[in-house]
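Okay, so here's the structure we're looking at.
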Number of protein chains: 2
Amino acid sequence: MKKQRQIPIKSYTPESGFIADYQRLVKETIIPYQYDVLHDRAEGAAKSHVVANFVNAGRKLAGLDVADGFYGMVFQDSDAAKWIEAAAYSLSIIPDEELEKQVDELIDLIEKAQDPNGYLNTYFTIKDEEKRWTNLLEGHELYCAGHMMEAACAYFEATGKDRLLRVMQRNAAHIYQVFIEQEHPGYPGHPEVELALMKMYRLTGDEKCLELARHFIDVRGVDKDYYREERAKRSWSVWGSDGEDDHYQQSSVPLREMKDVRGHAVRAVYLLTGMADVATETGDERLLQACRTMWDSICDRQLYITGGIGSTVHGEAFSVDYDLPSDTAYNETCASIGLMFFASRMLEYEMDSRYSDVMERAFYNTVLAGIQQDGRRFFYVNPLEVVPGISGIAKTHKHTLPQRPGWYDCACCPPNAARLISSIGKYAYSENHDTLFCHLYAAGVVKAENGMTVRCETTYPNSFDIRYTVTEGAGELAIRIPSWSISDFQIRSEAPYRMDKGYVYIHVRTGATVEIKLHDKPYLVYASNKVPKLTGQAALCYGPLVYCFEGKDNADDVLSLILRNDTLEQITYAKNAQLKDALCIALPAIRSVKNESTLYSMEKPVYTDCVAKAVPYYAWGNRGENQMRVWLPIR
Amino acid sequence: MKKQRQIPIKSYTPESGFIADYQRLVKETIIPYQYDVLHDRAEGAAKSHVVANFVNAGRKLAGLDVADGFYGMVFQDSDAAKWIEAAAYSLSIIPDEELEKQVDELIDLIEKAQDPNGYLNTYFTIKDEEKRWTNLLEGHELYCAGHMMEAACAYFEATGKDRLLRVMQRNAAHIYQVFIEQEHPGYPGHPEVELALMKMYRLTGDEKCLELARHFIDVRGVDKDYYREERAKRSWSVWGSDGEDDHYQQSSVPLREMKDVRGHAVRAVYLLTGMADVATETGDERLLQACRTMWDSICDRQLYITGGIGSTVHGEAFSVDYDLPSDTAYNETCASIGLMFFASRMLEYEMDSRYSDVMERAFYNTVLAGIQQDGRRFFYVNPLEVVPGISGIAKTHKHTLPQRPGWYDCACCPPNAARLISSIGKYAYSENHDTLFCHLYAAGVVKAENGMTVRCETTYPNSFDIRYTVTEGAGELAIRIPSWSISDFQIRSEAPYRMDKGYVYIHVRTGATVEIKLHDKPYLVYASNKVPKLTGQAALCYGPLVYCFEGKDNADDVLSLILRNDTLEQITYAKNAQLKDALCIALPAIRSVKNESTLYSMEKPVYTDCVAKAVPYYAWGNRGENQMRVWLPIR
């Protein structure tokens, strides 16, 4: 099969529907709010100083006074980058002169903050130039550079404007000089620059970007002691990291020899995304195989049903295989976004719905659950069970908050979700010269490189009928059939189709329509018995959506609910106006009634019939603090 | 009802049976091994320097050279104290001239290590006299003093020898001088001296001991900022404790106002034991009420079915109500021992089987599970679920080891279990002038203060028939009927009986026999639905024993086992020779069979019939590393 790629951002024009609603929320609420945050104008939010840092770095380079110095986290610059990236994608969907002007003004400041040698990082430029590149472990210089490269590529793609791209080309050239020509040792503490350099390479064709990305992948874990040695040479640190935790740092083995995913979850999937990029671009089979091994390690043994990854708060990290607690799950929103990146790149390696199924699972559940429906509050952590009184309070549960906190308690996830949602077309569709691949069902019009134009009409995931109409050109259409529908779907198409690894392939031409009808009944999912926390339980799903049970709908007590495996036929549905018309489900279930005066009792519970009500997981926590549970005991 | 007390140690003579076997294990294995450890002669164990510290403190006080100084933890002295206490109790059951000589030699060293002013602590005497009493938060001076007072009382009770008692009377007088006469502020970081002073008071009648114990209870939490202020005055610390965690320090409120148990579990129950002692001794109703409130807080909301307490590794502490995870449970062996202390004291306050039921539950399950059946390895932490690959490995599970480690990884629990088991007669029996109370079924002969002598014959907990014979004298016999048998027990007695709060009261005289037949069928226990971790599950119990399912008996897979609630009648029994003839149970159950190639599946598991085999929880982990689970899903 010929190589395929994500479509260019402007090739997809969303039309009204579930995804377009989220894109509007990003455009109308999240991007403007973050703009105010960056400029220290957001009411009620602590000052971010992000823009002020760029101003000050520019002043310092110009020899001017910088009285108030640098403020914020060492990776503060990346907030500006993610905002630009989100704004860029949004501009390509919904033009907005004012927003474009805001971006241009910010780019102006960024350009001024760039050292004449190409270096760009306000923390080290303002605070201490001598410390540049001496703390790869914690310094986030390459991380911030990577995000700004992504922003530059996105803004060029969206607007054709290349000023930021040129800034970042100079920056990439500087990094090349330092790490390749001057042979500076080491590799990024927080991977990100690898995948960003690959975006630069694909956009500009600059071989140095490819070489640099490959370099960071080649040396990582080979020079296993790099972080220890770097730490020993420094008299300072950012957070006191000692560089000793090879697993956490993803430096325990050369990357081509990795077997089990470990360490910081976001870093892991960002790294794997860059690895897959380099591998597909260079045909590096060993690297590709390592990516696949790591994919299996994540998805076969460490993935939550919601597409969440990184089960432990200790280091925001992967735990060990099958350790998937619901109540203490970390499941950072950004990690699921990174998993979508990785999945999208694995599709370039091999077209198989195992990747796109996970991409969809992560998107419709964990990523969207990260966002309050009003777009003003966000989950960083996404547990699968919340019990007020324990969650957010017990020492082991401090991180699992029963309600979304405001922006600044979780600064990285909101802009990350914003850029993902604005660019969802790139994850929904990919193409090669012959074929347009439809991974997600995103309503709108896609214009492929070969001229074929296809309209996708659907209200998915609120219904399961999808209609594709070819309005121009001809070619092959490849449409994913999700795993939950693989044994129950219908296709109406004049042309014949073939199936391969979860995709339906059909040759189409102008005027052709393809109608897909997916399995439209809720279903129960059971976990492997190897997951100790999920034995004897089941989860209710409907289409790509995982459902959960909230106290609000269940007499403030979801802990005594027990599912039955014989009541799916009796399900009723209702749109919930409080939850933006999310489709809610009611089904006959069992309530375990006990004498609750004692902690333990020999008295068998009385099992009474009841109706259990479920809402999509993405919509939980929008009606105040209450119990929530995804997995229920089943009888 | 007249006040009753634990019987004197020599009033109970054990006869062969379950408890006597454990006492022999303590006598023949644990006490000699610990003696070698104290003297740095134990093969394979790190040096403890316990005896060397006393020698060095004595040399320092005598103006001699102490080249090798102090070695070990700040509370190292308490190991000697606990050993003496265990040895003393053991001597009262099984006389042993050699052991008594060893104790006397150690007491000689202790006496020499006492400052002429009465102060006794090798750490501060050897290291820095100036620092005495300046770090109550971490220094453990009062803790070590308390344990040595307990040892002194025990050795006097067992042998009539008063040398150590006189040492500790001088020590108590010194502490009185410091904290009462000189008005030194503060209270012990690790409670223990309170209950020890009350033992001294009861043995010697010294009112100063009572006054001092009451003082520490009266000031605790009143001067809420004591630890913060103490820390601010010091330029040094032992472990860097900042004195800020009022809950952990049990100093958040005056003790009479406590509502919810929080903080370090062992410290909490030691403190509560001392509080109950002071309250019953002084008739302090508010303090008694606080003890009762705290009892309810523990037993109604934070107790494991195994009698374990302190569910979180964070600070070895109580978590919040109903947070009772099986797999990450901390449940320190010493905490359950302390809970038995507290229960025994609450019985002095009011005779009610709610206290003795918990005492029995803690003893037969968590305390005994702490000890390898060969007496050579010990659990400090007692989880209710172990899964090799996760337990002991995942960052959240580092503390839940699948196998008992050797002595020195958990130095406090083995000697604590040794002193408890050797003195179990005191927990099994108590008395007032009229009545002998039988709380636990401990085979042997008890001679009450009023001259009534009773023989208890039973193989409990391996059978449920208990026979009491009055061999001398007359009086009232009060025998606990456990809660699990309260609706199914038989009594054969010529004299009539009455029941009150779980106890059967019978007037007896010489020649009388009372035969009790308890419920002799295994039963299932269900937890309150308020415990999120236990919904949809049940535990199998038999008599006072909680049972568990181990991989060894269940095809190396207990995770796919599901209990049925209708198969208890079909249970079969077998003694397991590998487990010292522990009574094992087999019952029809269900095995959930799944296609395990995927983590999640829409495929309903196949539920096949199987036989599930259970062993007593106290005997788990004696056959190598394997899965273990107490709570199973139930259908």
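The values are calculated or read from the model by the stated rules, or taken from the named source; none is laboratory data. What you see is a predicted model, and the numbers here were worked out from it, not measured in a lab. When we count neighbours, we look across all protein chains shown, and the Cβ atoms used for this are built from the backbone with ideal geometry, even at glycine. Surface areas here come from the heavy atoms of the whole protein model, side chains and all, with no ligands, DNA or RNA. Shrake-Rupley method; radii C 1.70, N 1.55, O 1.52, S 1.80 Å.
Three principal axis extents describe the C-alpha atoms of the stretch B:432-518; from largest down they are 32, 25, 22 Å. Mean residue ellipticity, 222 nm, helices only, the protein assembly as shown: the sum of -39500 (n - 2.57) across DSSP H runs of n ≥ 4, divided by residue count and rounded to 500, is -10500 deg cm²/dmol.
Under 13 Å of direct C-alpha separation, and excluding same-chain neighbours fewer than eight residues apart, B:Lys594 reaches these aspartates and glutamates: B:Asp557, B:Glu603.
What is the helix-to-structure angle for A:97-112, meaning the angle in degrees between its Cα long axis and the longest Cα principal axis of chain A, kept from 0 to 90 and rounded to the nearest 10? For helix A:97-112, the angle is close to 40 degrees.
The phi-based Karplus calculation (6.51 cos²θ - 1.76 cosθ + 1.60; θ = phi - 60°) puts the 3J(HN,Hα) values of the stretch A:126-135 at 6, 7, 6, 4, 5, 8, 3, 6, 9, 9 Hz, whole numbers, x for Gly and Pro. Straight-line reach from A:Lys552: taking Cα to Cα under 17 Å and skipping same-chain neighbours fewer than 8 places apart, the aspartates and glutamates in range are A:Glu385, A:Asp581, A:Glu625. Here B:His314 yields copy-to-copy label distances, from shortest upward, of 1.4 nm, the label point defined as 7 Å from Cα along Cα to C-beta. Using C-alpha pairs below 8 Å separated by at least 6 residues, the relative contact order for the stretch A:263-429 is 22 percent. Shape summary of the stretch B:1-140, radius of gyration then Dmax from alpha carbon positions: 17.7, 58 Å. I'd like the orientation of helix A:141-159 relative to chain A: the angle between its Cα long axis and the longest Cα principal axis, in ° from 0 to 90, rounded to 10. The two axes meet at around 80 degrees.
Pairs exceeding 27 Å between alpha-carbon atoms, taken from A:Lys47/A:Lys224; A:Lys447/A:Lys521; A:Lys395/B:Lys224; B:Lys47/B:Lys127: A:Lys47/A:Lys224; A:Lys447/A:Lys521.
Just tell me how shielded B:586-594 is by partners: mean number of partner chain Cβ atoms within 10 Å of each residue's Cβ, no decimals.
1
Each principal axis of the Cα cloud of the protein assembly as shown was taken in turn, and the coordinate range along them, longest first, works out to 109, 71, 51 Å. Label-point spacing for A:Val238 across the identical copies (point 7 Å from Cα in the Cβ direction), in nm and ascending order: 3.8. Rounded to the nearest 0.05, the FRET efficiency derived from the C-beta distance between A:Asp65 and B:Val593 at R0 = 60 Å is 0.25. Calculated on C-alpha atoms, the gyration radius of the stretch B:263-429 divided by its Kirkwood radius gives an Rg/Rh of 0.98.
The distance linking the stretch A:164-228 with the stretch B:451-511 is 81 Å (Cα centroid to Cα centroid, whole angstrom). Averaging Cα coordinates gives a centre for the stretch A:314-393 and one for the stretch B:372-419; these two points are 34 Å apart. Put simply, the convex hull of the Cα atoms in the stretch A:68-157 casts, on average, a shadow of 6.2 nm². Backbone geometry of the stretch B:608-616 corresponds, through the Karplus equation with coefficients 6.51, -1.76 and 1.60 at θ = phi - 60°, to 3J(HN,Hα) couplings of 9, 6, 8, 10, 9, 10, 10, 10, x Hz, x marking Gly and Pro. Legend: mean number of C-beta atoms from other chains within 10 angstrom of residue C-beta atoms, peptide B:316-323, equals 5.
Taking Cα atoms of the stretch A:523-633, Rg/Rh with Kirkwood Rh, to two decimals?
With Rg and the Kirkwood Rh in hand, the quotient comes to 0.97.
Ordered by 1.4 Å accessible area with all protein chains kept, B:Lys27, A:Lys259, B:Lys552, B:Lys60 run largest first as A:Lys259, B:Lys552, B:Lys60, B:Lys27. Within the stretch B:453-478, which residues have the backbone N less than 12 Å from the label spot 7 Å out from B:Glu494 along Cα→beta-carbon, could you tell me? Residues B:470 fall inside that zone.
What average count of beta carbons from other chains do you get within 10 Å of the Cβ of residues in B:519-528?
4
Order of A:462-475, B:469-482 by packing, highest average Cβ count within 10 Å first? Can you show the working numbers first?
Working: A:462-475: 17.5, B:469-482: 19.7.
Peptide ranking by packing, descending: B:469-482, A:462-475.
What percent antiparallel are the DSSP beta bridges of chain B, to the nearest 5? Here the antiparallel bridges make up roughly 90 percent for chain B. Inter-copy label distances at B:Glu207, using a point 7 Å along Cα-to-Cβ, come to 9.9 nm with the shortest given first. Relative to the first principal axis of the alpha-carbon coordinates of chain B, what is the inclination of helix B:333-349, with its axis defined by its Cα atoms, in degrees from 0 to 90 and to the nearest 10? Helix B:333-349 sits at roughly 80 degrees to that axis. The residue among A:Met359, A:Asn121, A:Asn462 whose Cα reaches farthest toward the positive pole of the charge dipole of chain A, with charges on the beta-carbon of Lys, Arg, Asp and Glu, is A:Asn462.
For chain A, the Kirkwood hydrodynamic radius from C-alpha pairs, put into Stokes-Einstein at 10 °C and a viscosity of 1.306 mPa s, yields a diffusion coefficient of 63 µm² per second. Each peptide in B:511-518, A:293-300, A:230-237, B:307-314 gets a packing score, the mean of other Cβ atoms within 10 Å over its residues, and the list from highest to lowest is B:307-314, A:293-300, B:511-518, A:230-237. Electrostatic tally near A:Thr513: other residues with Cβ closer than 10 Å to its Cβ, Lys and Arg +1, Asp and Glu -1, net 0. Look at the alpha carbon pairs under 8 Å that are at least 6 residues apart: their mean separation over the length of chain A gives a relative contact order of 12 percent.
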